[in-house]
1. Are there any trypsin sites (Lys or Arg not before Pro) in segment 48-92 that are in a DSSP loop and have at most 15 other Cβ atoms within 10 Å? List them by number.
2. If you wrap a convex hull around the C-alpha atoms of segment 26-100 and split its volume per residue, what is the figure in Å³?
3. To the nearest µm²/s, what D does Stokes-Einstein give for segment 23-69 at 37 °C and 0.692 mPa s, using the Kirkwood radius over alpha carbon pairs as Rh?
Amino acid sequence: MTADRPKSRKAEAQQQRAPRSRGPRLTQEDWVDGALALLAAEGASAVRIARLCEALGVTKGSFYWHFDDIDQLVEAMADRWGARQARMIGDLAAVDSMPIGQRLEAMAGLLIERDWLVEATVREWSRTHPRVETAVRELDQRIFDTIRAALTELGFDGATARLRAGAMVYLGIGFIHGRGSLPIPTRAEVHAVLSLLLGSGAVAGQPEG
């Protein structure tokens with residue numbers, strides 16, 4: 001007779017009575033949001049089941065109602081963070097009513113104005129967690145591809161669009177990591193940097209001649 005496969009912690013928790021907590025029952029989205037907030041406030045080392053339960057005011061049984069282990073939560077965090085960032089970039093890139101030059105300026109501003117504390121912490125975390133590293137790499141590629149496509153639409157050749165898209169993405173990453181020690185660019189400065197990269201007429205909608 002074949003032995004039954006052991007049940008996961010999540011399956012065991014869901015077969016039992018709903019976990020008691022000191023507040024409203026949390027959804028999986030609540031757990032992920034809470035974990036991202038804890039990540040930003042205390043760093044990657046704080047993302048532990050016990051610390052997260054303490055921060056949210058619930059028991060470990062509540063955690064296992066939604067997740068098998070901390071790795072499953074980390075995967076959900078990486079997916080949520082990457083999807084959220086990609087959606088902002090994608091929504092902006094899809095605004096057909098906005099002239100392409102203005103669209104690029106708005107995307108450049110978004111690269112600087114994202115939630116820099118969470119962004120910097122996630123990028124640091126990606127050094128030690130493969131799933132987070134994958135989410136960061138996929139997001140950076142998505143941003144690069146979006147900007148390169150916009151530059152191609154604006155009239156730049158393939159090699160030039162690739163070079164300038166890369167420069168914009170690296171600038172955005174640099175602003176994130178240097179935000180605590182360097183001045184935060186103003187909108188006017190973002191506009192000036194974009195004009196420098198794309199040519200003085202590009203922001204208005206024409207590529208550099």
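1. Numbers: sites: Arg48, Arg51, Lys60, Arg80, Arg84, Arg87; in loops: Arg48.
Here the sparse-neighbourhood loop sites are Arg48.
2. Details: hull volume 7.9 nm³, N = 75.
Cα convex hull per residue, to the nearest whole number: 106 Å³.
3. Working: Rh = 10.6 Å.
For the chosen part, D equals 310 µm²/s.
FYI, it's all coordinate maths here, none of it is from the lab. Small disclaimer: the values here were computed from a predicted structure and weren't measured. Virtual Cβ from ideal backbone geometry, glycine too; neighbours counted across all protein chains shown.
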